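Everything below concerns the one structure shown next.
The values are calculated or read from the model by the stated rules, or taken from the named source; none is laboratory data. Predicted, not measured: the structure shown is a model, and the values here were computed from it. Cβ coordinates were reconstructed from backbone atoms using ideal geometry, including for glycine residues, and neighbour counts include every protein chain displayed. To get the accessible areas, we keep the full protein, side chains included, count just its heavy atoms, and leave off ligands, DNA and RNA. Shrake-Rupley method; radii C 1.70, N 1.55, O 1.52, S 1.80 Å.
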Amino acid sequence: MTLDSHSPVDGKRLLLIIGGGIAAYKCLDLIRRLRERGMTVRVILTKSGEQFVTPLSLSALSGEKTYTDLFSLTDEVEMGHIRLSREADLILVAPATADMMAKMVAGLADNLATTTLLATDKPVMIAPSMNSRMWHHGATMRNFAQLVQDGVHVIPSTSGSLACGEVGAGRLAEVDDMVTALENFFAPTGPLAGKHVIVTAGPTYEAIDPVRYMANRSSGKQGYAIARALRDLGARVSLISGPTRLDDPHGVAVVNIESAREMQTACQNALPADVAVCVAAVADWRMASEAPQKIKKQGGEIPALKMVENPDILKMLSCAGDNRPSLVIGFAAETENLHDNAKAKLKSKGCDWIIANDVSPRDGQSVMGGDHNRVSLITASGTEDWDNAHKDEVARRLAKKIEHYFIEHQG
Ligand code: CTP
């Protein structure tokens, strides 16, 4: 997923089944446009589709192999029809010919396309295209109604001049309309839909020389959990992460960085945003200058590491002027005087909320790296102490608070 693309199809995977119709040529432009928006497109080209577009041009545009024959041994070994469907978020049949629709209704499985359609548990969308008499034929109308009843999504055909010289219904939707239909299909829903949130997470690494660095014990678990919880409420999430062992959350734009300064640049690039949640354990200091070569032992002399202060990213976001997110949230990792230190941080950083986080080891267990967290939410209107809970639960609770903030500050 790319940060500068905000299309809902960004990061999604489409399996495009191209049927045999003159309008198949539109799929070439469709693939190009979807890929520009960050969508992955894989193509199954039916035998009749091959009469209108070539596997070569489709592969060139999709950047993927084009699948054509169910019984091709190499295709089945490399990528069986089950896997083709499993690795897609949506299957689009375009053009969906009268014949293809009839086969879908009947549950035929006589080629790679129909076999995939019969075996899939993924949502299916059709973009019908055919001669207007075929479209209006009772059989096609019945099949179409059945497909709709079966839960198949539809990109409606339009009226206009058809390849056969007639004018009427049955024209494949324009590429623009197909792109819009796909964007609408994937548009996030949920109370935070349309909101952009920046989450920083994990530690930063500050290089000492080409082989050594300074770091801290942050695992990134709390930040990643917050990114997932906000995504689940429909927000578009940019997760700016220091090095962690965690998997990238699906549907979240992850930007991997190492140093505090890289994190600062990534945050600046991710603006504007509606919310920023700074969970990262940013190193307070970095080397005044990184040694270009590995520092060697100097006959027992201990090297003095001269350090300078790192930029404060939370402060920067809180003072971003016109670009300031409406809601800026920080974490205060403390080992003593939790509330007082956190309240002081709320003021000094200029953020709106602060999550006070007691990171002193409890029962021999460290919060950093652990799965549980006990926090207090401190805002201008007071302090709420939350029970010790799984980091996922803390994240869901915070996401709900953010949802309520926008309900109260509507507009
Ligand atoms: N933070 C930041 N950039 C920094 C330092 C901290 O964005 N250079 C953010 C953290 O992500 C967190 C908050 O500021 O949301 C507080 O971080 P914390 O480490 O608790 O406090 P510090 O500002 O580093 O202060 P101190 O080390 O003195 O407690």
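The charge dipole of the range 196-410, taken about the Cα centre with unit charges on the Cβ atoms of Lys, Arg (+1) and Asp, Glu (-1), comes to about 380 debye, rounded to the nearest 20. Magnitude of the charge dipole for the range 344-385, about its Cα centre and with charges confined to Cβ atoms of Lys, Arg (+1) and Asp, Glu (-1), is about 240 debye. Quick check: residue separation of A106 and L246 times 0.36 nm, minus the Cα distance between them. What number comes out in nm? Stretched out fully, the A106 to L246 stretch lengthens by 45.9 nm. The lysines whose alpha-carbon is closer than 25 Å to the alpha-carbon of K297, local same-chain residues fewer than 8 away aside, are K306.
Here the chain is treated with +1 on each Lys and Arg Cβ and -1 on each Asp and Glu Cβ, and its dipole about the Cα centre works out to around 260 debye. Using a probe of 1.4 angstrom, how much of the accessible area of the chain is carbon and sulfur, in percent? About 50 percent, which is the carbon plus sulfur part of the accessible surface. Helix 221-232 and the longest principal axis of the C-alpha atoms of the chain enclose an angle of approximately 40°. Once the Cα-Cα distance is subtracted from the 0.36 nm per residue extended length, the H372 to H137 segment shows a gain of 78.4 nm. Mean-square fluctuations from a GNM of the chain, with a 10 angstrom spring cutoff on Cα atoms, peak among R286, R35, R83 at R83. Between the residues S161, M130, L90, the greatest Cα displacement towards the positive end of the dipole of the range 13-186, with unit charges on the Cβ of Lys, Arg, Asp and Glu, is found for S161.
When the alpha-carbon atoms of the chain are used, the pair Rg, Dmax equals 27.1, 93 angstrom.
Using a Gaussian network model on the chain with a 10 Å cutoff between Cα atoms, which of I18, I31, I302 fluctuates the most? Checking each option, the largest mean-square fluctuation is seen for I302. Per residue, the range 139-191 exposes 53 Å² of solvent-accessible protein surface, assessed with a 1.4 angstrom probe and all protein chains in place.
Rg ratio for the range 13-186: its Cα radius of gyration over 2.2 N^0.38 Å, N being its residue count, equals 0.95. One Cα centroid belongs to the range 315-360, the other to the range 126-189; the line between them spans 53 Å. For the range 196-410, the share of alpha carbon pairs falling in successive 5 Å distance bins from zero is 1, 7, 15, 19, 20, 16, 10, 6, 3, 2, 1, 0, 0, 0 percent.
Taken along its principal axes, the alpha carbon cloud of the range 271-345 reaches lengths of 55, 33, 15 Å, longest axis first. Between 0 and 90 degrees, rounded to the nearest ten: what's the tilt of helix 391-408 against the longest Cα principal axis of the chain? Result, in degrees: 80. Which loop GluC sites (Glu not before Pro) in the range 305-381, with loop taken from DSSP, have no more than 15 other Cβ atoms within 10 angstrom of their Cβ? Sparse-neighbourhood loop GluC sites (Glu not before Pro): E336.
Along its three principal directions, the equivalent ellipsoid of the range 120-239 from the Cα gyration tensor extends over semi-axes of 51, 17, 12 Å, largest first.
Between 0 and 90 degrees, the angle of helix 338-349 with respect to the longest Cα principal axis of the chain falls at about 70 degrees. Under a Gaussian network description of the chain, with springs only between Cα atoms under 10 Å, the residue in D121, D274, D358 that fluctuates furthest is D121.
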